[in-house]
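All remarks here apply to the structure that follows.
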Amino acid sequence: MHALILSNAFRSTILIAFAFALSQPSYAATRDVERIQVGYSVGGLIPFPVVVARENKFFEHLGLDVELINIPPTLAVTALVSGDLQYVIFAGTTLNAAVRGLPVKLVMVYNDRPLFSLMSRPEIRSVKEMKGKVLGIASLTSGESFLSRRLLKEAGVDPEREVTLRSIGNTPDRLVALRTGVVDATTLTVPVDIQAEKLGLTRLAFMGEILESINGGLGVSERWIQQRPDQIKKMITGVFRGMAYARTHRPESIALVMSKWKMERDVAEKAFDLMIRTWSDNGQASDQALQVGIEESLKVSSSKQSVPLSRVADFSFAREVYRELKAK
């Protein structure tokens, strides 16, 4: 659970305050606009708050020109370290990389429950039936693969001994692998899971109802934290504003889902409603969620080392921005 739990009335007050903040003067009008590259994956709605902020020029108002780069998660983190990307939206992969010792950290988590479903071939009707089957994953260290294994374990299926893990790649590739029978099941993000269901595939579980996790968020290099704390705050501010806009402008947000993700209205409405249920209020993940993520990552490498929470996350920027937006 979050350290800060908001009542409905308090949440409404904050949303109004955030909405008011949307109308603040534009940095772009008085300062040079900085171009930044953000790594993300096409297919799912995890980048939605960033897309909303970009489409509504919230980043531009803060002096940022955000370019979204479609890139596999593991390559994105490598590009983050090299400086070719300034931010990535792969929160789970960022955490895993930090556990392995790469100089990266999470500075915001806006999805603290997974926006994923475990989807299977039609003949598989429950998670327990995954014993002896092939599970398609992005990679062994990707965030969604850890979620899949946690879900299987909770259902009494040993993901290391009773299931074959097959690395496939990004969401579109995993859907193709599932449809063609290359894998028996895979984790698909919203709204791709809804599309898969319409194609006759089976939803074994919506993970957002079962697991707490590090899902959507912003990862940066430690170098960037030292060099550009001002820009990090602007980026987080833009994401918060995108979330506030989406929550208070449902018709416009659904229209954006339909346009950008090429969804029919019924799919877009269902996807949007599932998505906002997984959003964090304060841009942070709980210590428990971080610890679970660290432990899962250590299991893959069979490491016995102790990894402090401070190695994988620095939410000081998110806390500061959250307080500032509340105060407006």
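Net charge in the neighbourhood of Q288 (other residues with Cβ under 11 Å of its Cβ; Lys, Arg +1, Asp, Glu -1) is -4.
Projected label points at R35 and A255, each 7 Å from Cα along the beta carbon direction, are separated by 3.0 nanometres. Straight Cα distances below 13 angstrom link K299 to the aspartates and glutamates E160, with same-chain residues fewer than 8 positions distant left out.
Of the residues L152, T78, V52, the one whose Cα sits farthest toward the positive end of the charge dipole of the chain, with +1 on the Cβ of Lys and Arg and -1 on the Cβ of Asp and Glu, is L152. Which one, L95, A268, S213, projects farthest toward the positive side of the charge dipole computed for the chain from Cβ point charges (K/R +1, D/E -1)? The residue sitting farthest along the positive end of the dipole is S213.
Once the Cα-Cα distance is subtracted from the 0.36 nm per residue extended length, the E222 to I69 segment shows a gain of 53.0 nm. If you run the Gaussian network model on the chain, springs between alpha carbon atoms under 10 Å, then out of G217, G208, G181 the most flexible one is G181.
Once P(r) over Cα pairs in 20 Å bins from 0, in percent is calculated for the structure shown, the corresponding label among (i) 33, 59, 8, 0; (ii) 26, 40, 24, 8, 2, 0; (iii) 27, 50, 18, 4, 0, 0 turns out to be (i). Volume per residue for region 91-185 equals 103 cubic angstrom (convex hull of Cα atoms). Hydrophobic, long helices, defined as DSSP H runs whose alpha-carbon span along the helix axis is 18 Å or greater and whose mean Kyte-Doolittle value is at least -0.5, occur in the chain at 8-21, 229-248, 287-301.
Put a dot 7 Å past the Cα of K57, heading toward its Cβ, do the same for R203, and the two dots end up 3.7 nm apart. Put the Cα centre of region 87-150 next to the Cα centre of region 191-234 and the gap is 9 Å.
Placing unit charges on C-beta atoms (Lys and Arg positive, Asp and Glu negative, everything else neutral), compute the dipole magnitude of region 116-209 about its Cα centre in debye, rounded to 20. Using Cβ point charges on Lys, Arg, Asp and Glu, region 116-209 gives about 120 debye. The helix-only estimate of mean residue ellipticity at 222 nm for the chain, built from DSSP H runs of length n ≥ 4 each weighted as -39500 (n - 2.57), is -14000 deg cm²/dmol after division by the residue total.
For region 116-209, relative contact order (Cα pairs under 8 Å, six or more residues apart, normalised by length) works out to 49 percent.
Values quoted throughout were computed directly from the atomic coordinates according to the rules given, and no laboratory measurement underlies them. As the structure is a prediction and not an experimental result, all values here were calculated from the model. Here Cβ is always computed from backbone atoms with ideal geometry, including for glycine, and neighbour counts include all displayed protein chains.
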